[in-house]
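No value in this document is a laboratory result; all are computed from the given coordinates. These figures come from a predicted structure and were not determined experimentally. FYI the Cβ positions are ideal-geometry reconstructions off the backbone, even for glycines, and counts take in every protein chain you see.
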Amino acid sequence: MDLNPDKCFVMTFARSRSALEYGYAVGGAHLKRVESAKDLGIIMVPNLDPREHLQHISKKANASLGFVIRASRDGLSVPSLRHIFISLVRSHLEYTSVVWAPFQKNHCDLLERIQIRFLKAVGVRLGFNYREVPVTTLRDALGLPLLESRRRYLDLMFLHRLLNGSIDCPDLLGMVDLRVPVGGTRSRDLFGETHQLTSYGYHSIIPRLLRHGNSVSAQADFFGSSPTTFKENILHS
């Protein structure tokens, strides 16, 4: 496969501020080093901080929501607005969330404010004053859970697909530690969780997936249920 040096670049991933950096070349052409790059829709930076990606998708989702609000001024039913919001706005806020799911409150709030903006717009059309829209009540009535809850649901569905072979990635599957009960333990945990020394490690992808998996392992069967049945079980857990 021939590589185009003009479309290639170098990025060093490290948590350290003094990471070792080397020069690379393709076909004799020196590759430039970058501090930010998009790969399969995800903005990556050297320290894997999701802030830049979150700001990017928030901007896209807000722009899409603004378009939806303007284009629907002549009249659309609330159910229609809900479907459009899910398809054109919320999709920006959930694409590949398993990779970049935030855990810091300010990052979570950055995303949640977009859904709140939509709920307030709907509330105004229902006759409420903008500042008095009952956001929580309206969210429940429209069946729009908190985006944090949605990310947990997407994590669990990803883990189910990984364990059942729908996602073919042996390296990732090898990181999933299945727990073998010993003696008369009452724990229903299905996955082994290792102690993480840092908050970064605790909230990283695999520990987070296993933690979420254990939270529903007593109600949902990861191996003996279809995706549809598993989905129903975790939505009611």
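Considering only C-alpha atoms, what is the centroid distance from region 101-133 to region 1-59, in Å?
Cα centres, region 101-133 to region 1-59: 33 Å.
Using the eigenvalues of the Cα gyration tensor, what equivalent ellipsoid semi-axes result for region 1-106 when each is taken as the square root of five times the eigenvalue, whole Å, largest first?
Working: eigenvalues 289, 61, 20 Å².
Over the Cα atoms of region 1-106, the semi-axes work out to 38, 17, 10 Å.
Quick one: the Cα spread of region 64-176 along its three principal axes, in angstroms, biggest first?
Here the spans come out as 54, 27, 22 Å, largest first.
Taking just the C-alpha trace of the chain, give me its Rg and Dmax in Å.
21.6, 66
Starting from the Cα of Glu21, step 7 Å along the direction of its Cβ; do the same at Thr229; then give the gap between the two resulting points in nm.
Rounded to a tenth, the inter-label distance reads 5.4 nm.
Which one, Phe128, Phe222, Phe191, has the greatest fluctuation when you compute a Gaussian network model over the chain with C-alpha springs under 10 angstrom?
Highest fluctuation of the listed residues: Phe128.
In the structure shown, do any of Lys32/Lys60; Lys120/Lys231; Lys59/Lys231; Lys38/Lys60; Lys32/Lys105 have a Cα-Cα gap over 23 Å, and if so which?
Values: Lys32/Lys60 28 Å; Lys120/Lys231 29 Å; Lys59/Lys231 30 Å; Lys38/Lys60 15 Å; Lys32/Lys105 35 Å.
As for pairs spanning more than 23 Å Cα to Cα, those are Lys32/Lys60; Lys120/Lys231; Lys59/Lys231; Lys32/Lys105.
For Thr96 and Ser72, compute 0.36 nm times the residue count separating them, minus their Cα-Cα distance, and round to one decimal in nm.
5.8 nm
For an R0 of 30 angstrom, estimate the FRET efficiency from the Cβ-Cβ distance between Lys59 and Glu148 and round to the nearest 0.05.
Working: r = 20 Å, r/R0 = 0.66.
Efficiency at R0 = 30 Å is approximately 0.90.
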